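J.: Shown below is the structure under consideration.
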Amino acid sequence: MLTFNTMGFSPNLLKGIKELGFQNPTPIQEKIIPLVFETENDIVGLAQTGTGKTAAFGLPIIEQIDINNKSVQALILAPTRELCIQISKDLQNYSKHIKGIHVVPVYGGAPIEVQIRALKRGAQIITATPGRMLDLIKRKAANITNIKTVVLDEADEMLNMGFRDELDGILEKSPESKRTLLFSATMPREVARIANNYMNNPVEITVGKQNAGAENIRHIYYLVHARDRFIALKRIADINPDIYGLVFCRTRMETKDVADKLIKNGYNADALHGDLSQAQRDHVMKRFREKSLQMLVATDVAARGIDVHDISHVINYNLPEENEIYTHRSGRTGRAGKSGISIAIVNHREKNKIPQIEKLINKKFEKLPVPSGAEICNKQLYKLIDKMENVEVDEAQISPFMDTVNNKLEWLSKEQIVKRFVSLEFNRFLDYYKNAPDLNKKAEEKKDKRDKRDSGGRGDRGDRKRRRGGDENFTRFFINIGKKDGVIPKNIIGMINDNTNDRDINIGTIDLLESFSFFEVEEKHTSKILKSLKNIDYKGRAVRVDIAEKREDHRRKIKKGKRRMR
Ligand code: ADP
Ligand code: MG
């Protein structure tokens with residue numbers, strides 16, 4: 001077995017390696033390091049993350065730096081600023097005991113002037129993200145015409161992130177004579193193209209099982225009317241309660257619109273687009289990384305810098321103009337050996353793009369029906385119950401309260417308690433999905449003309465259509481408070497629940513007007529309602545409730561109060 005001692009490193013470099021606690025080279029280091037020292041070949045290294053690639057290229061590069069030469073001798077390109085900083089730190093650690101080696105990281109999203117000054121002070125090794133590097137070259141702040149080595153680290157990720165043009169631009173400016181080392185977990189077509197165009201008969205080194213990349217991504221599409229896009233998105237989110245997703249939109253406007261609507265509907269979501277300042281962007285990204293956000297809605301350009309590795313779902317709110325972009329989008333999930341799902345919400349007009357994309361990704365889409373309200377309720381309910389079963393009970397903390405709790409609940413049977421508990425969390429889903437339409441049937445129905453003028457924005461209707469008034473089994477009540485009093489449907493539902501002390505009462509349509517409102521309740525509870533809503537007040541105002549006339553035609557004109565969910 002090879003050891004670091006016999007690989008040809010100078011004593012000061014060996015000292016740095018030892019101090020890091022590296023005993024023996026990892027398999028990829030065993031193969032790459034001698035190849036760099038003993039040959040002039042370009043190298044393609046295919047290996048999973050965590051195999052020790054940084055030292056595999058970093059150690060021999062440091063060994064080969066001419067300390068007396070202050071010009072840039074090696075350029076290492078990496079997809080994200082975090083990686084770029086990490087690599088430069090690693091290289092600084094390896095070379096801790098070598099005087100006169102300068103490693104400088106440069107990356108987007110930080111003031112360029114500071115980086116220009118750092119480069120001026122001298123850098124033999126630059127670690128960089130492609131966009132910023134090209135910018136610095138164009139400004140003549142970095143000169144790579146004398147470099148000996150270029151490393152493309154995580155080349156597949158750089159291409160996934162849309163850095164193709166930047167890589168082309170940088171590589172074109174580098175000298176013919178340089179050596180190129182390319183590292184990648186996978187070898188998709190785009191990476192092969194770079195290898196073909198810019199590398200000289202590269203030696204290919206594969207360590208371990210090649211990360212099958214695209215293999216672990218499922219591609220799914222849902223066919224809906226364009227105006228049902230948002231409802232479909234909600235259902236996709238609701239059927240995947242643990243979603244940690246990236247939603248792609250085409251424009252800033254649409255990005256904002258979709259994010260706003262998600263937030264209004266109670267999801268932990270936010271938008272990432274070109275109108276944000278760097279600080280705002282960082283803030284959004286921080287929340288996404290911490291998983292305070294479950295869904296991030298982004299434009300393709302803004303999503304470039306996203307370096308999150310465990311995204312569970314990529315959702316194409318609509319298909320991109322260019323099919324190529326789909327591959328960049330879907331490549332954001334299923335990383336580092338994990339599985340991922342790439343979903344496209346597709347309308348009739350976009351449908352013909354699916355076979356084209358299938359050709360491009362060399363994989364078939366599964367066409368799935370948009371989940372029904374019942375399926376979603378089942379899933380959410382299961383999740384809720386599961387959560388309850390697994391919740392950690394802190395006996396010491398909770399026990400002082402248990403007497404009070406037990407006393408208060410004494411009059412309820414276990415079955416009733418369970419029912420109430422479930423209702424508490426779950427009513428909003430039941431309520432929202434009560435009369436949810438079958439979006440698939442709607443989509444299959446004769447193509448709607450409205451489709452044409454829709455760009456995917458609006459369309460909450462339909463889904464919210466509640467049971468219409470005038471139902472035989474319901475009594476319609478008048479109540480003397482309305483929007484003017486700040487009433488929303490929830491308040492009326494709460495008022496009924498609290499005062500009747502009965503949560504099994506079925507409440508129908510609630511119509512909010514300016515200074516009064518109507519609500520419907522199952523007929524069998526009529527007298528209970530009249531009795532229990534007597535002598536109560538709402539924000540200091542005496543509440544009066546009466547049976548109202550059923551007048552279907554009148555009711556139609558009344559603007560419905562919207563009930564929010566989640
Ligand atoms: P990759 O780039 O392949 O994902 P890294 O170069 O980031 O992997 O290395 C992964 C981890 O392994 C790092 O924490 C690094 O310090 C450590 N490591 C690398 N080489 C060795 C070695 N020879 N012995 C022990 N640990 C190592
Ligand atoms: Mg690495």
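J.: List, in order, the whole-Hz ³J(HN,Hα) value for each residue of segment 511-519 obtained from phi through the Karplus relation with A = 6.51, B = -1.76, C = 1.60 and θ = phi - 60°; use x for Gly and Pro.
T.: Result, rounded to whole Hz: 10, 9, 10, 4, 10, 8, 8, 10, 9.
J.: Looking at this model, which pairs from LYS31/LYS338; LYS256/LYS291; LYS434/LYS490; LYS261/LYS379 are more than 18 angstrom apart at the alpha-carbon? Please report the intermediate quantities before stating the final value.
T.: Numbers: LYS31/LYS338 26 Å; LYS256/LYS291 20 Å; LYS434/LYS490 16 Å; LYS261/LYS379 23 Å.
Where the Cα-Cα span goes over 18 Å, the pairs concerned are LYS31/LYS338; LYS256/LYS291; LYS261/LYS379.
J.: Nothing charged except the Cβ atoms of Lys and Arg (+1) and of Asp and Glu (-1): what's the magnitude of the dipole of the chain about its Cα centre? Round to the nearest 20 debye.
T.: In total the dipole reaches around 2160 debye.
J.: Counting only protein heavy atoms and using a 1.4 Å probe, what share of the accessible area of the chain belongs to carbon plus sulfur, as a whole percent?
T.: 50
J.: Given the C-alpha centroids of segment 281-297 and segment 340-381, what is the distance between them in whole angstrom?
T.: A separation of 25 Å, based on Cα centres.
J.: Compute the FRET efficiency between GLU415 and VAL308 as 1/(1 + (r/R0)^6), taking r as their Cβ-Cβ distance and R0 = 56 Å, and round to the nearest 0.05.
T.: 0.80
J.: In the chain, with Lys and Arg counted as +1 and Asp and Glu as -1 at Cβ, which of these residues, ASN196, THR327, THR3, has the Cα nearest the positive end of the dipole, that is, farthest along it?
T.: Of the candidates, THR327 comes out farthest on the positive side.
J.: Given a Förster radius of 22 Å and the C-beta distance between ASN506 and ILE547 as r, what FRET efficiency does 1/(1 + (r/R0)^6) yield to the nearest 0.05?
T.: With R0 = 22 Å, the Cβ-Cβ based efficiency is 0.85.
J.: Can you list residues from other chains, or at least 5 along the same chain, whose modelled amide H is less than 5 Å from the amide H of VAL106?
T.: Excluding prolines and chain starts, which carry no amide H, the hits are THR127, ALA128, THR129.
J.: Can I ask one more? Give me the distance between the Cα centres of segment 503-529 and segment 57-78, rounded to whole Å.
T.: 76
J.: Along Cα→Cβ, 7 Å out, is where each label goes; now give me the distance between the ones at ASP498 and ARG189 in nm to one decimal.
T.: Reported label-point gap for ASP498 and ARG189 is 6.3 nm.
J.: Now for a separate question. Simple spin-label model, 7 Å along Cα-to-Cβ: LYS539 to GLU444 in nm?
T.: It is 4.8 nm.
J.: Could I ask something else about it? What pairs from LYS70/LYS148; LYS383/LYS441; LYS96/LYS138; LYS264/LYS483; LYS70/LYS140; LYS15/LYS99 go past 22 Å between their alpha carbons?
T.: Values: LYS70/LYS148 13 Å; LYS383/LYS441 27 Å; LYS96/LYS138 32 Å; LYS264/LYS483 19 Å; LYS70/LYS140 16 Å; LYS15/LYS99 13 Å.
Among LYS70/LYS148; LYS383/LYS441; LYS96/LYS138; LYS264/LYS483; LYS70/LYS140; LYS15/LYS99, the Cα-Cα distance tops 22 Å for LYS383/LYS441; LYS96/LYS138.
J.: If you don't mind, another one. For the modelled label position 7 Å from the Cα of ILE239 along Cα-to-Cβ, which residues of segment 353-388 have backbone nitrogen atoms closer than 13 Å?
T.: Residues 366-380 fall inside that zone.
J.: Leaving out ligands and nucleic acids, note down the accessible area per residue over the chain with a 1.4 angstrom probe, in whole Å².
T.: 51
J.: Which length gain, in nm to one decimal place, applies between ASP403 and HIS283 when the Cα-Cα distance is subtracted from 0.36 nm times their residue separation?
T.: Going from the current span to full extension adds 38.8 nm.
J.: Pulled fully out, how much extra length does the chain show between ASN93 and LYS351, if you take 0.36 nm times their separation in residues and subtract their Cα-Cα distance?
T.: Answer, rounded to one decimal: 87.6 nm.
J.: So what's the back-of-envelope 222 nm ellipticity for the chain, counting only DSSP H runs of four-plus at -39500 (n - 2.57) apiece and dividing by all residues, rounded to 500?
T.: Helices in the chain give a 222 nm mean residue ellipticity of -12500 deg cm²/dmol.
J.: Calculate how large, on average over all directions, the projected area of the Cα convex hull of the chain is; give the answer in nm² to one decimal.
T.: Computed as one quarter of the Cα hull surface, the answer is 34.1 nm².
The values are calculated or read from the model by the stated rules, or taken from the named source; none is laboratory data. What you see is a predicted model; the values in this text were computed from it and never measured. Glycine also receives a Cβ, built like all others from the backbone with ideal geometry; neighbour counts cover every protein chain displayed. For accessibility, only protein heavy atoms count, side chains too; no ligands or nucleic acids. Shrake-Rupley method; radii C 1.70, N 1.55, O 1.52, S 1.80 Å.
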